[in-house]
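The values are calculated or read from the model by the stated rules, or taken from the named source; none is laboratory data. As the structure is a prediction and not an experimental result, all values here were calculated from the model. Note that we place each Cβ from the backbone using ideal geometry, even for glycine, and neighbour counts take in every protein chain shown. Ligands, DNA and RNA are excluded from the accessible area calculation, which covers all protein heavy atoms including side chains. Shrake-Rupley method; radii C 1.70, N 1.55, O 1.52, S 1.80 Å.
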Amino acid sequence: MPSPLILALTQAGYAIVPDFLNPTELADLAFESDTLRENGSFHSAGMGLAHQLDRRERQDEIHWLEPNALSVPQAALWARLELLRQEVDASLFLGLWSLEGHYSFYAPGGFYHRHRDSFRNDSARTLSIVIYLNGPWLLEDGGVLRLFPKGEPVDVIPTGGTLVCFLSNELEHEVLPSIRVRKSFAGWFSRR
Ligand code: OGA
Ligand code: MN
């Protein structure tokens, strides 16, 4: 019997896992992200392979994680995501291989227009993962992740600890303007 995550990915094209992070994992990653931002270690995000800046398309700031030099909380996150990779690959045979990822920071007013995560000229990105590093979140705080599966759009509230995953070259999605500071980790498993 496939797990709920596998069923959701195959049937709907996306899966949402509330409380994927436990409170300690969430607090440690959120603290690290806050500290890196305060230290000036974030930069405005770009679009596409050349990472050219396009402030009309997205207004988030990011900090790439260094897979060869993970901090303790990052290594714990990588271990959790490795288990997820094994679970997905055992059923869906996507050939998931390497993981890249960054912290994201949306200042109030920040958004990310509708897009797919795989680049037009490089479709190696296969499974997208977003994990929210906020505290509790209300609909009126804005910043929902809007997914565009077949049928009706689905809005995901970026409550801290929630994980969303979907197939990178299929599912279009957008981040609606956030009223509050909005923090997350975004990662991608690529095929070899
Ligand atoms: C991305 C992205 C969604 C989110 O970084 O590519 O779509 O909810 N993020 O932060
Ligand atoms: Mn995206």
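Would you pick out the residues in segment 150-189 that are touching a Gly at 6+ places or on another chain (Cβ under 9 Å) and more than 14 Å from ligand 2 (Cβ to nearest atom)?
Those that are touching a Gly at 6+ places or on another chain (Cβ under 9 Å) and more than 14 Å from ligand 2 (Cβ to nearest atom): Lys150, Ile157, Thr159, Gly160, Pro177, Ser178, Ile179, Arg180, Val181, Lys183.
For segment 113-164, which positions are more than 10 Å from ligand 1 (Cβ to nearest atom), hydroxyl-bearing (Ser, Thr, Tyr) and either at pLDDT below 95 or buried (at least 20 other Cβ atoms within 10 Å of the Cβ) (or both)?
Ser118, Ser123, Thr126, listed by residue number.
Name every residue in segment 148-186 that is part of a strand (DSSP E or B) and under 18 Å from Glu57 (Cβ atoms), in order of residue number.
Residues satisfying the conditions are Phe148, Glu172, His173, Glu174, Val175, Ser178, Arg182, Ser184, Ala186.
Among the listed residues Gly95, Gly101, Gly110, which satisfies the condition of being within 16 Å of ligand 2 (Cβ to nearest atom), over 13 Å from the mean Cα position of the chain (by Cα) and open to solvent by less than 60 Å² (accessible area, probe 1.4 Å)?
Working: Gly95 fails: within 16 Å of ligand 2 (Cβ to nearest atom); Gly101 fails: over 13 Å from the mean Cα position of the chain (by Cα).
That would be Gly110, the only listed residue that is within 16 Å of ligand 2 (Cβ to nearest atom), over 13 Å from the mean Cα position of the chain (by Cα) and open to solvent by less than 60 Å² (accessible area, probe 1.4 Å).
Being open to solvent by less than 40 Å² (accessible area, probe 1.4 Å), within 25 Å of Pro153 (Cβ to Cβ) and without any contact (Cβ under 8 Å) to a residue 60 or more places away in the chain: is that true of Ala8 here?
Taking the combined requirement at face value, the residue satisfies it.
Do you know which of the residues in segment 68-92 that are in contact with an Asp or Glu (Cβ under 7 Å, 6 or more places away or on another chain) and surrounded by fewer than 18 Cβ atoms within 10 Å (Cβ to Cβ) is farthest from Asn39 (Cα to Cα)?
Ala76
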